[in-house]
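These notes concern the structure reproduced below.
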Amino acid sequence: MANAEDHGEVAARQVSLEQKHIDLLYGRLDEVRDHVAYRLQRAIGDPIAGTPGSFTERDAMVAAQMNRLTELNGVDERLCFGRLDLLGGEKAYVGRIGLSDDKQESLMMDWRADASAPFYQATAAAPAGVIRRRNIATAARRVTAVDDDVLILDALSDETRESVTGNDSLITALDSARTGQMRDIVATIQAEQDIIIRSDAKGVLVVEGGPGTGKTVVALHRVAYLLYAHRDRISRSGALIIGPNPAFLHYIDQVLPALGETGVVLATLGELYPGVRTTERDAPPVAALKGDPRFSEIIAFAVRNRSRIPASDLALKVDGTNLSLTRNEVRAAIKRARDSRRPYNQARNIFVKDLLNRLATKLGEALSLNIDQETLSGLISDLRHSPDVRRELNLCWMPQSPEQLLTDLFSNPDRLRAATPMLTAAERGLLVRDRASRWTISDVPLLDEAAELLGEPDTGKPARNADDQAQREREVAYARDALSSSGMAASMITAEQYVDRFATADALSPLADRAAADRTWAYGHVVVDEAQELTAMQWRMVMRRSPSKSMTIVGDPAQASAPGAIADWTLALAPAVQDRWRKTVLTINYRTPQAIMDVAASLLRVADIGASAPRSVRKGKWPVQLRLGADAADIGELIKTEVDIIRYGTIGVVVSRERLTAMRRLIAELAEQGELAPGSDVSVDVFEIGSVKGLEFDTVILIDPAAFLTASVNPAHDLYVGLTRPTQRLVIVSEQALPILLTQAIEADSL
């Protein structure tokens, strides 16, 4: 058995590793018996008998050390980002994780630690005690470049002056080729970004910024920082990141794991209702209508209309005895149930119990019984098994699921008419569809709204009885003793948390899996990317995921293009938080070269979009390339040429929906024939304009923009999105005339 000193060493080490390895001590508990006490005994030994377990505290320390070594060996990106030379002669290194020596003296600070903030925020005007900030670039664990920012020139010694070197690490990073997935920016976070990342977790923060300003990556780093700074609160409930489409989620899905955070759920708006995963889209007019805030009233009407008073009194037969249930009795039971203000399915229980009590009294009188409580319970049981009673009560108040409710609503014109007095006949016509229709992205917030009003159906599962409660109390007591004996700090995990986390098979699932499967899960923090695309109904759904309203809202109204979207933060947020939100604006474009951004800025002006384009930090090597008159046969040669130019990185080809399949087939054939610049390492992907929002590519090829803008709800905004995706080259190919907006933007830029 390990001694007290060993216990303290293990606890201190566990805390120093930021609670990342708590599960190591209990990592194999899913392989043994279900009883919590038995699993604890096997894991850490019997604290009462003093017998060693199969996994001792010393084993835990060794496992933690080995896991730490694995973590360090697995760092593919930069481990150390740079150094701060401070007044007083001290030097402090900043990196991906915190490191200390055997004496617990800091060797490198975690980038999220408060003491690391000057590495990102210090300036010559406000140096925060920093003489020099040294950015260190590495590749394959070798230093490849050093870039010094001198903030207090007078404080430099002669020796230090001679060692100052300059190499713009930010520009170097921005010029590097893309890989098809977003990378973290912890080595190159800029001051305006860092202030946002470290801002208060409370309340709703809107991060607005034009294309390429780093809104998304700042929001992701903010999640990593909040999980670090508020781990006790947020890690228990996790974080939710909502993106515009699956391609975007794939693009960002490695950022947080690279920063050491995995307790995060990534989802699109079509995946926020458990059991439904859809990318299907309604026609724009239908999507706009389903996003209308009036639909909250429509769903409420539909739910209310599912309970009904029969047209006449009901004649029932129970085991040969005739009973009558009057319309007034049904009406009174419905009123009593509704007055409870419980969700529909829970209120139904009140309705059923009320009528069963009424009928039981009538049945007892008909049988001339002396009705006491025991007799009443027996009569109610008989009524529950009566086919007549079950049928008629269900017809008056049928249990409902959200899927049933919406399917019946949209496929039954009479029910639709009854639930939509605020809609016109033409609007109702847009909503009618077949019962077999697949769910769309616009349906998901309606399902969520219905689930909120309906509540969970009665499953018939009994509540925890006294024996269950006593068993839990015994397990908690045993867990408390065992954890105390093991030397684990109370701040790491409580006995109650242990029992809740490991007492059932479901609790052994990762937090992200449990959260994604639970519609009512309350997340510690929620990020909404491309938030300018959300409709009123989608905002209602999103706000339910964050009861605390700790949220980061990311977007750019100038890029709004979804039907029914609310591209105004005040209108979008006021229903949920009134004016209790704050906004910050990013103004520097780190993605798109100025040569390309000038055309995009011209588009904003000629389209009269009330927004200013962000200022680019790079001039760029190439102007916008125009290939007019190019037909389908020319496009293959053009793609091969572009692959040969960049040699390494990504190319995004944007076409109309009608040409998606043909273009993907063309690129696959070129690849199979080895005609895409053999020896190069270029990824070529094809998208429609609605799927590239939030993405970036080294080269973007817009093919026949007039065709894909024809079907756009907001052509100017969609074109602005397409123009601002490239990090290096923009090529516009058109067999026919360019859209007038694009022609005007190019001409205005050349003036």
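The values are calculated or read from the model by the stated rules, or taken from the named source; none is laboratory data. All figures in this text were calculated on a predicted structure; none of them were measured in a lab. Cβ coordinates were reconstructed from backbone atoms using ideal geometry, including for glycine residues, and neighbour counts include every protein chain displayed. Protein only, heavy atoms only, side chains kept; ligands, DNA and RNA dropped before computing areas. Shrake-Rupley method; radii C 1.70, N 1.55, O 1.52, S 1.80 Å.
What about THR743, is it out of contact with any helix residue (DSSP H, G or I) (no Cβ under 9 Å at 6 or more places or on another chain) and farther than 14 Å from GLY690 by Cα?
Answer is yes for this residue.
Can you tell me which of SER602, SER612 is open to solvent by 50 Å² or more (accessible area, probe 1.4 Å), polar (S, T, N, Q) and either in a loop (DSSP other than H, G, I, E, B) or in contact (Cβ under 8 Å) with a residue 40 or more places away in the chain (or both)?
Going through SER602, SER612 in turn, the sole match is SER612.
Please find, within segment 725-751, the residue that is surrounded by the most Cβ atoms within 10 Å (Cβ to Cβ) out of those that are of a type in the set (Ser, Thr, Tyr) and more than 18 Å from GLY212 (Cβ to Cβ).
Here the answer is SER734.
Condition first: modelled with pLDDT of 65 or more and among the small types (Gly, Ala, Ser). Can you find one or more residues in segment 170-190 that meet it?
No, segment 170-190 has no match at all.
Going by the conditions given, is SER386 open to solvent by less than 20 Å² (accessible area, probe 1.4 Å) and touching a residue at least 40 places away in the same chain (Cβ under 8 Å)?
In short, yes.
Mind listing whichever residues of segment 439-481 are modelled with pLDDT of 75 or more, assigned to a helix (DSSP H, G or I) and open to solvent by less than 50 Å² (accessible area, probe 1.4 Å)?
VAL444, PRO445, LEU446, LEU447, ASP448, GLU449, ALA450, ALA451, LEU454
Output the number of the condition that VAL554 fails; it satisfies all remaining conditions of (1) in a helix (DSSP H, G or I); (2) in contact with a Lys or Arg (Cβ under 9 Å, 6 or more places away or on another chain); (3) crowded, with 23+ Cβ neighbours inside 10 Å; (4) among the hydrophobic types (A, V, I, L, M, F, W, C).
Failed condition: (1).
Quick test of your reading of the structure: ARG627 fulfils all but one of (1) at pLDDT 90 or above; (2) among the basic types (Lys, Arg); (3) farther than 27 Å from ALA191 by Cα. Name the failing condition by number.
Among (1) at pLDDT 90 or above; (2) among the basic types (Lys, Arg); (3) farther than 27 Å from ALA191 by Cα, ARG627 violates only (1).
For segment 289-319, enumerate the residues that are open to solvent by less than 60 Å² (accessible area, probe 1.4 Å), modelled with pLDDT of 95 or more and not charged (D, E, K, R).
Residues satisfying the conditions are LEU289, GLY291, PHE295, SER296, ILE298, ILE299, ALA300, ALA302, VAL303.
Does segment 272-288 hold any residues that are surrounded by fewer than 21 Cβ atoms within 10 Å (Cβ to Cβ) and part of a helix (DSSP H, G or I), and which are they?
Residues satisfying the conditions are PRO284, PRO285, VAL286, ALA288.
Scan segment 87-106 residue by residue and report those that are touching a helix residue (DSSP H, G or I) at 6+ places or on another chain (Cβ under 9 Å) and open to solvent by 60 Å² or more (accessible area, probe 1.4 Å).
LEU87, GLN104, SER106 - these are the residues of segment 87-106 that are touching a helix residue (DSSP H, G or I) at 6+ places or on another chain (Cβ under 9 Å) and open to solvent by 60 Å² or more (accessible area, probe 1.4 Å).
Are any residues in segment 673-726 of a type in the set (D, E, K, R), without any contact (Cβ under 8 Å) to a residue 60 or more places away in the chain and closer than 23 Å to ALA607 by Cα, and if so, which ones?
Selection gives GLU688, ASP704.
Suppose we filter LEU406, LEU376 for residues that are in a helix (DSSP H, G or I), modelled with pLDDT of 95 or more and out of contact with any strand residue (DSSP E or B) (no Cβ under 8 Å at 6 or more places or on another chain); which single one remains?
One residue alone meets the criteria, LEU406.
Just one of (1) more than 27 Å from SER199 (Cβ to Cβ); (2) surrounded by 19 or more Cβ atoms within 10 Å (Cβ to Cβ); (3) at pLDDT 75 or above trips up VAL150, so point out which.
(3)
What number of residues in segment 262-271 are surrounded by 15 or more Cβ atoms within 10 Å (Cβ to Cβ) and in a loop (DSSP other than H, G, I, E, B)?
Counting residues in segment 262-271 that are surrounded by 15 or more Cβ atoms within 10 Å (Cβ to Cβ) and in a loop (DSSP other than H, G, I, E, B) gives 1.
Could you give every pair whose Cβ atoms fall below 9 Å, whose first residue belongs to segment 564-588 and is more than 25 Å from ASP194 (Cβ to Cβ), and whose second residue is open to solvent by 50 Å² or more (accessible area, probe 1.4 Å) and part of a helix (DSSP H, G or I), counting only separations of at least 6 or pairs across chains?
GLY564/PRO284; PRO575/ARG540; ALA576/ARG540; ASP579/THR570
Among the residues of segment 400-425, which ones are open to solvent by 50 Å² or more (accessible area, probe 1.4 Å) and touching a Lys or Arg at 6+ places or on another chain (Cβ under 7 Å)?
Of everything in segment 400-425, those that are open to solvent by 50 Å² or more (accessible area, probe 1.4 Å) and touching a Lys or Arg at 6+ places or on another chain (Cβ under 7 Å) turn out to be ARG417, MET422.
Which residues, counting only those in segment 237-247, are in contact with a helix residue (DSSP H, G or I) (Cβ under 8 Å, 6 or more places away or on another chain) and not in a strand (DSSP E or B)?
Passing the criteria: SER237, GLY238, PRO244, ASN245, ALA247.
Can you find a residue in segment 526-536 that is surrounded by fewer than 22 Cβ atoms within 10 Å (Cβ to Cβ), over 23 Å from HIS221 (Cα atoms) and β-branched (Val, Ile, Thr)?
no
Do any residues in segment 634-658 that are aromatic (Phe, Trp, Tyr) have Cβ atoms under 6 Å from those of residues that are open to solvent by 10 Å² or more (accessible area, probe 1.4 Å), where the two are at least six apart or on different chains, and which pairs are they?
Matching pairs, first to second residue: TYR648/ALA177; TYR648/ASP681.
Which residues, counting only those in segment 426-438, are outside any loop (DSSP other than H, G, I, E, B), touching a helix residue (DSSP H, G or I) at 6+ places or on another chain (Cβ under 7 Å) and either surrounded by fewer than 15 Cβ atoms within 10 Å (Cβ to Cβ) or of a type in the set (Asp, Glu) (or both)?
GLU427
Could you please find all residues in segment 311-343 being touching a strand residue (DSSP E or B) at 6+ places or on another chain (Cβ under 8 Å), touching a residue at least 24 places away in the same chain (Cβ under 8 Å) and either assigned to a loop (DSSP other than H, G, I, E, B) or of a type in the set (Ser, Thr, Tyr) (or both)?
SER324
Among (1) over 22 Å from ARG222 (Cβ atoms); (2) small (Gly, Ala, Ser); (3) open to solvent by 10 Å² or more (accessible area, probe 1.4 Å), there is one condition ALA576 misses while meeting the rest; what is its number?
Just one mismatch for ALA576, condition (1).
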